[in-house]
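I have placed the structure first, in the form of structure tokens, so that the comments after it can refer back to it.
The values are calculated or read from the model by the stated rules, or taken from the named source; none is laboratory data. Predicted, not measured: the structure shown is a model, and the values here were computed from it. Here Cβ is always computed from backbone atoms with ideal geometry, including for glycine, and neighbour counts include all displayed protein chains.
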């Protein structure tokens, strides 16, 4: 059975969701943030290579990085290609890879800058300008694409939609999602999925 | 033949290196940064989905994100498993995925903060503290691991070593690599590889 090291509150609820979408059996080991610093604590640092969540264990495999966990679960367990395209279609598979890497590879950084900016006063101008430009670029791209298709790879929900929904959700919490109505509608639609509801019930005490 | 949209100077020289390691035929389309802002320009924005480099074209496939490009090239063209493990060994394959996602998924962000911090005066304290802690965490992890093995996945150079070398190289350019002697030695060793030298000769005018 898969064990997920799950830090409350954070990114790994989206890995719980993915496990639910795949229909896999899993256990959660729950960790909490230091209430003063909001950082993770020694218990998670001892259990995982970087003190980061999500990290999964699957037999003797210990795996971290949200995108790598998604790629691994899909490749190993989604043998019916419910949530990832088969490699017989290289174009679809390349797009799938692109959007698996995109959340942490591109969109997360400017949103993380926005989060850190909420704690700086005065606001440093280089960080402010960079994050403004990049947030607009990325949310604009996603919004345009999701005006043309229901899901990030077309007309079906696939594994990368979990990471993209995470990005939309982070943008919303930062008050940045307002102008991007297609992205907002997409997020709201995905958060109605039964697997997300099961994830929340199980992982959010 | 693969076409690489290659922005000078930046991340995509490492994709050129990977193409050379795979022994693939490729063409380069070279773009330059705006000399005043150091940002990429309209020509790259028109040619690629986000105005970002590296982006590759392979027939009717247009693919961006460094990690996704590496995953795609390995899966499609490295059929002899010279630079990526076969999926008959799930543990090795999971580790391979982890380190493919790691450069952009984890290590790049705090180094990017360091880069932006060089342009801020006074230095914003939240960004400074966050980047100091995370840079030490990530470079420390890499340094420890590369004290125990020659390459990021063990005793053989594999595709993820390209991304890890990029991180080490970025750290060095920011003056952050000094204390991490194993990581520095690893980088120096990798930059002696004939494929890197061919990449530099071809991509750096």
Quiz prompt | Identity of the residue in the stretch B:66-121, closer than 22 Å to residue B:177 by Cβ, assigned to a loop (DSSP other than H, G, I, E, B) and within 8 Å of another protein chain (Cβ to nearest Cβ), that ends up farthest from the chain's Cα centre (by Cα) | solution = B:120
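Which ones in the stretch A:7-21 are more than 12 Å from residue A:199 (Cα to Cα) and surrounded by 17 or more Cβ atoms within 10 Å (Cβ to Cβ)?
A:7, A:11
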Quiz item: Among the residues of the stretch B:21-58, which ones are assigned to a loop (DSSP other than H, G, I, E, B) and either in contact with a helix residue (DSSP H, G or I) (Cβ under 8 Å, 6 or more places away or on another chain) or not assigned by TED's automatic domain parsing to the domain that holds residue B:75 (or both)?
Solution: B:24, B:49, B:50, B:51, B:52, B:53, B:54
Exercise. Would you mind telling me which numbered condition in (1) surrounded by 15 or more Cβ atoms within 10 Å (Cβ to Cβ); (2) in contact with a helix residue (DSSP H, G or I) (Cβ under 8 Å, 6 or more places away or on another chain) residue A:86 fails?
Key: (1)
Exercise. Filter the stretch B:154-169 down to the residues that are assigned to a loop (DSSP other than H, G, I, E, B) and in contact (Cβ under 8 Å) with a residue 40 or more places away in the chain, then identify the one that is surrounded by the fewest Cβ atoms within 10 Å (Cβ to Cβ).
Key: B:157
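Output the residues belonging to the stretch B:170-199 that are surrounded by 14 or more Cβ atoms within 10 Å (Cβ to Cβ) and either in contact (Cβ under 8 Å) with a residue 60 or more places away in the chain or assigned to a loop (DSSP other than H, G, I, E, B) (or both).
Taking the stretch B:170-199 and keeping what is surrounded by 14 or more Cβ atoms within 10 Å (Cβ to Cβ), we get B:170-172, B:174, B:176-177, B:180, B:182-187, B:189-191, B:193, B:195-196, B:198-199.
Answer for the stretch B:170-199, where residues must be surrounded by 14 or more Cβ atoms within 10 Å (Cβ to Cβ) and either in contact (Cβ under 8 Å) with a residue 60 or more places away in the chain or assigned to a loop (DSSP other than H, G, I, E, B) (or both): B:170, B:171, B:174, B:176, B:177, B:180, B:191, B:193, B:195, B:196, B:198, B:199.
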Quiz item: Looking only at residues in the stretch A:122-148 that are more than 9 Å from every other protein chain (Cβ to nearest Cβ) and under 16 Å from residue B:65 (Cα atoms), which one is surrounded by the most Cβ atoms within 10 Å (Cβ to Cβ)?
Solution: A:142
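Please work out if residue A:15 is under 14 Å from the mean Cα position of the chain (by Cα) and either assigned to a strand (DSSP E or B) or not assigned by TED's automatic domain parsing to the domain that holds residue A:162 (or both).
Numbers: under 14 Å from the mean Cα position of the chain (by Cα): yes; either assigned to a strand (DSSP E or B) or not assigned by TED's automatic domain parsing to the domain that holds residue A:162 (or both): yes.
Yes; evaluated as a whole, the condition is true for this residue.
Only one residue in A:75, A:134 is under 25 Å from residue A:14 (Cβ atoms) and either modelled with pLDDT under 95 or not assigned by TED's automatic domain parsing to the domain that holds residue A:26 (or both), so which one is that? Before the answer, list the steps.
On the way: A:75 fails: either modelled with pLDDT under 95 or not assigned by TED's automatic domain parsing to the domain that holds residue A:26 (or both).
Just a single option satisfies the conditions, and that option is A:134.
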Practice problem: Return a yes/no flag: does the stretch A:11-28 have any residue that is on the phi > 0 side of the Ramachandran plot and away from chain B (no Cβ under 14 Å). | Solution: yes
